[in-house]
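Notes for the one structure printed next.
The values are calculated or read from the model by the stated rules, or taken from the named source; none is laboratory data. Here the structure is a predicted model, which is why all the values come from computation and not from measurement. Every residue, glycine as well, gets a Cβ built from its backbone with ideal geometry; the counts of neighbours run over all protein chains shown. For the accessible areas, the whole protein counts, side chains as well, though only heavy atoms, and no ligand, DNA or RNA atoms are used. Shrake-Rupley method; radii C 1.70, N 1.55, O 1.52, S 1.80 Å.
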Amino acid sequence: MSTVRINELRVSGRLLRLHQELADSSGPQPVSLYRRLAAERVNIAFLHLGFLRSPWQITCLVAPEAGPFHDAGLVSAFPHRFQPGLIGAVFCALDQEDSRWHCLATSGSMLALVADFSSRKRIAEAICRYVDLPEGGAKYCPGEDYDDIARSLKIAPETVARYEESRIRTYGIQLKTGLTICSGYFRPAEMGSWGRLMMDMADSRFCFVYASAAVTAEKGIWMDLVLDLKKQKTGVPEASMQMPEAPALARLETRKNAEMLSFHGPHFGDRYGIADKALRCLARSGVPVWMAGCVGATVSLIVPPDMGARGAEALSEIFYTPLWDR
């Protein structure tokens, strides 16, 4: 297997995992999880949204003070350099460790994995065995054992911004077109094989612009890679045909000409309502969302063909870059 190099691996403190599944139908839907959290002024530290298949899935991580839900944590690795090798290393580690995890998503530089709180350190240690990490590159969240009083006294105005803006500052909205979504479905027993295959692609020209994966209610795993094939000499890598589990290949799907909107800004992981405003903005403009991720300070939105420009125009009514106004 090729060497996967990263600079840092982080493990978060305690968070709460909220999960919602919605029927893919035109009938009335319950209030979306991200909308409820926005109404209750709860910050979302991480969001994974998958609307490509039914049931639709929404997973959010929020601060532990939000309520008595499922304890969870994040394992974050960066930079991924848009290479599949890091995803492969994570899959190999999960296969070896056999720890409970729920979903993963990427930003422009980071891969974040949602796992049970009790499993996150073991998963991080397992990932270290599959990556080239500089000494001191593994960091565990300080203060994760703070008691409630100590937590309440910790004030960090530079990282927590509990306020709303009529127009939200960003560093610009990017639009990528002509993308191909490659989706694979596999069982946990096949994870190691998929992981080794993706690690073997670490030195190839094969790269993604967004990646996500989620465990289904039936304990299967869907992986979605959004590829910019215009930058590559080939399509979906021929190496995928070398998978030893032939039945898994039958579950490989592609969607062409998808588009991606992405933007990032200060404190997106700390301010409530960012995801709700973006998704509601697109819904009002008739732009469906196939996938979305809020990882760190970055929001990524995957939309159907020919919808990106309309989506960017709609988002610009709410999100703006201050430099443009000068």
Check: Under 7 Å by Cβ, and 6 or more places apart or on different chains, what pairs join a residue from the range 68-87 that is farther than 12 Å from Ala211 by Cβ and modelled with pLDDT of 95 or more with one that is open to solvent by 50 Å² or more (accessible area, probe 1.4 Å) and in a strand (DSSP E or B)?
Finding: Ser76/Arg10
Next item on the list: Kindly indicate whether Trp101 is surrounded by 17 or more Cβ atoms within 10 Å (Cβ to Cβ) and free of Cβ contacts under 8 Å to residues at least 60 places away in the same chain.
Entry: no
Checklist line | Qualifying positions in the range 1-40 - farther than 21 Å from Ala112 by Cβ, hydrophobic (A, V, I, L, M, F, W, C) and in a loop (DSSP other than H, G, I, E, B) | finding: Met1, Ala23, Val31
Next item on the list: Select from the range 15-26 the residues that are within 18 Å of Asp71 (Cα to Cα) and open to solvent by 60 Å² or more (accessible area, probe 1.4 Å) and list them in ascending order.
Entry: His19
Margin query: Filter the range 44-72 down to the residues that are open to solvent by 20 Å² or more (accessible area, probe 1.4 Å) and β-branched (Val, Ile, Thr) and list them by number.
Written below: Ile44
Check: For the range 41-72, which residues satisfy the criterion of being over 16 Å from the mean Cα position of the chain (by Cα) and assigned to a strand (DSSP E or B)?
Finding: His70, Asp71
Margin query: Looking for something within 24 Å of Ile221 (Cβ to Cβ) and surrounded by fewer than 18 Cβ atoms within 10 Å (Cβ to Cβ) - is there at least one such residue anywhere in the range 27-43?
Written below: no
Notebook entry, point to check: Given the conditions (1) assigned to a loop (DSSP other than H, G, I, E, B); (2) modelled with pLDDT of 85 or more; (3) farther than 19 Å from Ala93 by Cα, which single one is not true for Ala275?
Noted result: (1)
Margin query: Please verify whether Val75 is closer than 25 Å to Gly13 by Cβ and either part of a strand (DSSP E or B) or open to solvent by 30 Å² or more (accessible area, probe 1.4 Å) (or both), treating the condition exactly as stated.
Written below: yes
Next item on the list: Give the range 246-262 a look and list any residue that's modelled with pLDDT under 50 and out of contact with any Phe, Trp or Tyr (no Cβ under 7 Å at 6 or more places or on another chain), or say none.
Entry: Ala246, Pro247, Leu249, Ala250
